[in-house]
Amino acid sequence: MSRRKVVFQVISHFSVGGAQQVAINLSKQLIEDTDFHIITVFKKNIVKGFSDSIKEDLDKNSIIFHESSVNNSKIGILLLPFRLIYLVLKFRPIVVHAHTEIPDISIFFFLKYFSFFMPKMRLIRTIHNTVLWSKWEFIGKMVEKYFSMKGVFTVTISKGVDQSFKKFLNSHNIVLPLMTLIPNGVSEPSKDGKKFDGLVNQKKNILFAGRFERQKGIEKLCDIILTSSEPNFFHIIGDGSMKDYISTKLKDMTNFKIHDPYHDLANILHSFDYLVMPSLHEGLPLLTIESLLAKTPVVANNIPGLNETVPPNYPFLVENNSLEIYNIIFDKKLLPADYECICNLGYEYAREEFSLIAMQKRYNRLFFND
């Protein structure tokens, strides 16, 4: 009996985030004689039950996972090469695919010091953000030079990410690696009619969902809520280091509520009137695409990566994260026909441009040399 093919997807940890979701979406494929494994660099204690729901989803889809027992990201980076020696020798993967900088650093150490353990396999990494190596520029320079020299194949997820990556390499005189651009893909949300439990009647229910970090525009989100008019109610779903900042900044406001991370978020997006995304930088956010597929309009900062997820001339892109424009959009009383027209415009664009099957096929050509 022939040995089953194995593909490793290396992510930082189980959390709210597009990179982790892309790895899971790539692993949810029923390919004959192929097993997908997800490996985390470290373990992060987020809201109780959220990571458990991710693991239940992986089990349901026959995806094998190897979660680190280490809570510290730096220790996790140093330990992963040793864990990989064991996992590589045991499962003999044909592909190791890393997502974002923390897995990239771990793979760098593994290749540099333990490559003699490595059987012949493809090494692929996907870059998910337009801002690269913001915290570790010196380490990033070493990693990129080494990856380029070793022929590690690089995937970028949007034109914005592609341009930022090439600019980083050029600024450090690093030779371009083998690379391609593959946009993220998502499946259409369920049409079972499931509603978010917590909507406020007689209000415009506006959603923000994601990590509570500066990159996501948390400060601007708070300003929007502070200056928003009476008919608008904001649901803030997620977790992160700025959770206390939100609570403190909005302590006197009654037009918002913070909710724990929601694993099945894509299937309740249709519940909301708008999704707001005041991000400072993005790669190619899955949430925007999922929202358009759910026919919930996105009101977002006009930045590279994010602006690639909406149709050309989309009416709800906000220049320079203008607080005034956010308030104008949310306060405007659109006719039902105009609102429906914008919903359909976004839906058709997302369905045509960001197919999950198309993404999986393009990655499979890299994985299996098809």
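Quick rundown of the values:
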item	result
Residues located in region 141-166, provided they are of a type outside the set (S, T, N, Q), more than 20 Å from V95 (Cα to Cα) and surrounded by 20 or more Cβ atoms within 10 Å (Cβ to Cβ)	G160, V161, D162, F165
Meets criteria (surrounded by 20 or more Cβ atoms within 10 Å (Cβ to Cβ) and either of a type outside the set (F, W, Y) or in a loop (DSSP other than H, G, I, E, B) (or both)) for P177	no
Per-region count, region 148-175, residues farther than 14 Å from H99 by Cα and either of a type in the set (F, W, Y) or within 21 Å of the chain's Cα centre (by Cα) (or both)	9
Residue match in region 246-257 (condition: closer than 21 Å to H128 by Cβ and hydrophobic (A, V, I, L, M, F, W, C))	no
Any chance L334 is more than 20 Å from T130 (Cα to Cα), aliphatic (A, V, I, L, M) and more than 21 Å from the chain's Cα centre (by Cα)	yes
Qualifying positions in region 90-135 - free of Cβ contacts under 8 Å to residues at least 40 places away in the same chain and β-branched (V, I, T)	I105
Selection status of E230, surrounded by fewer than 21 Cβ atoms within 10 Å (Cβ to Cβ), modelled with pLDDT of 95 or more and farther than 30 Å from L123 by Cβ	no
In region 1-24, residue farthest from the chain's Cα centre (by Cα) [restricted to those that are modelled with pLDDT under 90 and not small (G, A, S)]	M1
Test result for Y245, among the hydroxyl-bearing types (S, T, Y) and within 23 Å of G283 (Cβ to Cβ)	no
The listed residue being within 29 Å of D52 (Cα to Cα) and modelled with pLDDT under 95, out of Y262, Y245	Y262
Yes/no for L323 being aliphatic (A, V, I, L, M) and either under 16 Å from the mean Cα position of the chain (by Cα) or buried (at least 21 other Cβ atoms within 10 Å of the Cβ) (or both)	no
Among residues of region 247-274, those that are touching a strand residue (DSSP E or B) at 6+ places or on another chain (Cβ under 8 Å), farther than 20 Å from S15 by Cα and of a type outside the set (G, A, S), counted	7
Residue among L207, L275, L169, L250 that is in contact with a His (Cβ under 6 Å, 6 or more places away or on another chain) and crowded, with 17+ Cβ neighbours inside 10 Å	L207
Hey, I124 within 19 Å of the chain's Cα centre (by Cα) and not in a helix (DSSP H, G or I) or not	yes
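Here's the yes/no breakdown for (1) surrounded by fewer than 23 Cβ atoms within 10 Å (Cβ to Cβ); (2) assigned to a strand (DSSP E or B); (3) among the small types (G, A, S):
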site: L79; (1), (2), (3): yes, no, no
site: L87; (1), (2), (3): yes, no, no
site: V96; (1), (2), (3): no, yes, no
site: S106; (1), (2), (3): no, no, yes
site: F116; (1), (2), (3): yes, no, no
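The values are calculated or read from the model by the stated rules, or taken from the named source; none is laboratory data. All figures in this text were calculated on a predicted structure; none of them were measured in a lab. Counting neighbours? That spans all protein chains shown, and the Cβs are built from the backbone with ideal geometry, glycine included.
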